[in-house]
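Peer 1: Submitted below is the structure of interest, expressed as structure tokens.
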Amino acid sequence: MMKILIINSGSSSIKFQLIEMPSETLICSGLVERIGYDDAIINYKTKGDSLNQTHNIKTHREGLNKIVELLLDAEKGVIANTNEINIVGHRVVHGGNSFSNTTLITSEVKEKIQEYAALAPLHNPGNLEGIFVSEEIFPMAKQVAIFDTAFHQTIPEKVKKYAIPNELYENHGIQVYGFHGTSHQYVSNKAIAYLGLETSKIITIHLGNGCSMTAVKDGKSIDTSLGFTPSNGLVMGSRSGDIDHAIIFHLVNNLKYTLNEVKTLLTNKSGMLGLTGHMDLRDIVEEAENGNAECQLALAISTYRIKKYIGAYIAAMNGVDAIVFTAGIGENSPTIRKLSCEDLEVFGIDLDDAKNKSGSRDLREINTAKSKVKLLVIPTNEELEIAKQAYELVN
Ligand code: ADP
């Protein structure tokens, strides 16, 4: 029996779960949000209890210390001392080409994570800080890193190479890496097990604040919509996804933006936010239903993009057995799922409206009986996938 603490540090948040393996029992979970602000929010849940507190939390270090205080709390805590934690599993966003598997953290691993911070500046520095702090707090625990890019290491060269001079690929690692790997891996494995497939062609659609799609053939990623950085592909909360790169030159040369302004524009002010002024999809759907034409168009733009990738990935795999929707939006928005599956009868895709609207939280089918392609909603669980991989590695 082992207790595994999973730490998933974002740019301004830390998600955590304590999981007992191999029973896969969730002991507690929580989230520290708005790190860097005076009113950071801590949410903490155990089996019978939950709490929500506001604190002044300026850094990831302070956030992690707060989490440990809660784990050890006399009343609401779940461990008596920090040595009870056997493994700390860290989600790390960018592992470049150096990691195709879950890895024990050594000083070389930390150096690599630092090196790849240049490619994931919003994520890798927070991930690394989480590792440093947790090495201090849990000196007896094994520290393990699980990379978002690892699952996509199976993408073939013809997909991962951009059509730019070879030297940039060979000497500078400019290529497709792909992200959300742990989520795509978790839900595709669930779909394969649920459908009992020996050979399989699955399209996984992860729609959260960041969004990506993956073509998973026989359990392996063969193409994915995010590339060198988590920027391109689908329309996201505040990221544009695919654009003509010449727009950047036009913005700089003719509209006199600085490069930093362009970066902020495309990363923090575009996507659904740029199209509607809202980032939370619930607000956009509500406004669209009330007749707001901008919001209606934004839903059309983002789901048209999803449909284009569905078509592309059916071509990439020469077919599809199942399409899986997951993450905050994929699991919870019948509107997005309906618009993404509309007018795709040519591929044998047929959504059942009533099933699509069911509010169940479990793995479920939302296709009609005559649909040739299974349409599934599968709640993602990156933390459990990390716990499984970390447990396997250490054992
Ligand atoms: P992250 O990428 O930060 O992990 P999540 O997977 O938690 O994000 O997804 C966040 C998104 O999920 C938000 O844009 C939110 O609007 C959306 N979302 C959550 N619940 C619903 C819902 N009931 N209907 C529509 N969208 C939802």
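The values are calculated or read from the model by the stated rules, or taken from the named source; none is laboratory data. As the structure is a computational prediction, the values presented were derived from the model and not from experiment. Quick reminder, even Gly has a Cβ in these numbers, built from the backbone with ideal geometry, and neighbours come from all protein chains shown. Calculation scope for accessible area: heavy atoms of the full protein, side chains included, ligands and nucleic acids excluded. Shrake-Rupley method; radii C 1.70, N 1.55, O 1.52, S 1.80 Å.
Peer 1: Skip the ligands, DNA and RNA, and give the accessible area per residue of region 124-228 with a 1.4 Å probe, whole Å².
Peer 2: 39 Å²
Peer 1: Run through every distinct alpha carbon pair of region 272-361 and return the Kirkwood hydrodynamic radius in angstroms, one decimal place.
Peer 2: 14.0 Å
Peer 1: If the cut-off is a Cα-Cα distance under 22 Å, which lysines reach K357, setting aside same-chain residues fewer than 8 apart in sequence?
Peer 2: Leaving aside lysines fewer than 8 places away in the same chain, those within reach of K357 are K190, K307, K338, K370, K372, K374.
Peer 1: Treat the chain as a sphere of radius equal to its Kirkwood radius over Cα pairs and apply Stokes-Einstein at 20 °C in a medium of 1.002 mPa s; give the translational diffusion coefficient in µm²/s, rounded to a whole number.
Peer 2: Diffusion coefficient, whole number: 97 µm²/s.
Peer 1: Helix 181-195 against the longest principal axis of the chain: what's the angle in degrees, Cα atoms only, rounded to the nearest 10?
Peer 2: Long axis of 181-195 versus the principal axis of the chain: about 70 degrees.
Peer 1: Here's another thing I want to ask about it. Counting only protein heavy atoms and a 1.4 Å probe, tell me what percentage of region 2-147's accessible area is made up of carbon and sulfur.
Peer 2: 47 percent
Peer 1: Just to confirm, what accessible area per residue do you get for region 318-395 at 1.4 Å probe, in whole Å²?
Peer 2: So region 318-395 comes to 45 Å² accessible per residue, rounded to a whole number.
Peer 1: Hey, another quick one. What percentage of the solvent-accessible surface of region 263-395, computed with a 1.4 Å probe over protein heavy atoms, is contributed by carbon and sulfur atoms?
Peer 2: 50 percent
Peer 1: A further question on this structure: When only alpha-carbon atoms are used, what values of Rg and Dmax, in angstrom, describe region 2-147?
Peer 2: 14.8, 45
Peer 1: Using mean Cβ contacts within 10 Å as the protection proxy, how do 144-153, 39-48, 375-384 order, highest first?
Peer 2: 144-153, 375-384, 39-48
Peer 1: Per DSSP H run of at least 4 residues, take -39500 (n - 2.57); add these up for the chain, divide by its residues and hand me the 222 nm value, nearest 500 deg cm²/dmol.
Peer 2: -11500 deg cm²/dmol
Peer 1: Mind ranking 155-167, 55-67 by how tightly packed they are, going by the mean number of other C-beta atoms within 10 angstrom, highest first?
Peer 2: Sorting 155-167, 55-67 by mean packing, highest first, produces 55-67, 155-167.
Peer 1: Still on this model: Run through region 177-270 and list the trypsin sites (Lys or Arg not before Pro) located in a DSSP loop whose Cβ has at most 12 other Cβ atoms within 10 Å.
Peer 2: Here the trypsin sites (Lys or Arg not before Pro) that fit, given the DSSP loop and packing criteria, are K256.
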